[in-house]
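What follows is a short report on a single structure.
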Amino acid sequence: MNNEHMRRLFFFAHSSSLFQAPVLILSAEDDAIVPHSLAASLHQETREAGKENIRFVILPRSLGLGHNDIYTWDSLDTEITTFVTEVAKNIEQ
């Protein structure tokens, strides 16, 4: 990941507190494109910038999903349904 990519990601972290849309981050520990450490930093920076409606899901290295195969994760449907359900509950309140 080059410096420009990192700058964009951290810009997102700091600007995301300015919009209300909830954020779901899925991070595979074996992702070679967006390293898990960068996703974890993005999550932390985003929280520190004031974003509260953010969910961070870590996919263990043992699943072997990397960057391109997260869509094959057996629990993806459940995770997205849970996220959307929580968002809907907050909208209804």
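The values are calculated or read from the model by the stated rules, or taken from the named source; none is laboratory data. As the structure is a computational prediction, the values presented were derived from the model and not from experiment. What goes into the accessible areas is simple: the full protein's heavy atoms, side chains included, and nothing from ligands, DNA or RNA. Shrake-Rupley method; radii C 1.70, N 1.55, O 1.52, S 1.80 Å.
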Picked from the range 47-67 (must be at pLDDT below 95 and not hydrophobic (A, V, I, L, M, F, W, C)), the residue farthest from Ser27 (Cα to Cα) is Gly50
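Condition check ((1) assigned to a loop (DSSP other than H, G, I, E, B); (2) modelled with pLDDT of 80 or more; (3) not charged (D, E, K, R)) across all residues:
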| position | (1), (2), (3) |
| --- | --- |
| Ser17 | no, no, yes |
| Ile33 | yes, yes, yes |
| Ala39 | no, yes, yes |
| Glu45 | no, yes, no |
| Thr82 | no, yes, yes |
| Ala88 | no, yes, yes |
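Counting only residues that are open to solvent by 60 Å² or more (accessible area, probe 1.4 Å) and closer than 20 Å to Val23 by Cα, how many does the range 70-79 have?
3
Within the range 47-69, can you find the residues that are part of a loop (DSSP other than H, G, I, E, B) and more than 14 Å from Gln20 (Cα to Cα)? Can you show your working first?
Let us first name the residues in the range 47-69 that are part of a loop (DSSP other than H, G, I, E, B), namely 49-53, 60, 64-69.
Once the filter is applied, which keeps residues that are part of a loop (DSSP other than H, G, I, E, B) and more than 14 Å from Gln20 (Cα to Cα), the range 47-69 yields Pro60, Gly64, Leu65, Gly66, His67, Asn68, Asp69.
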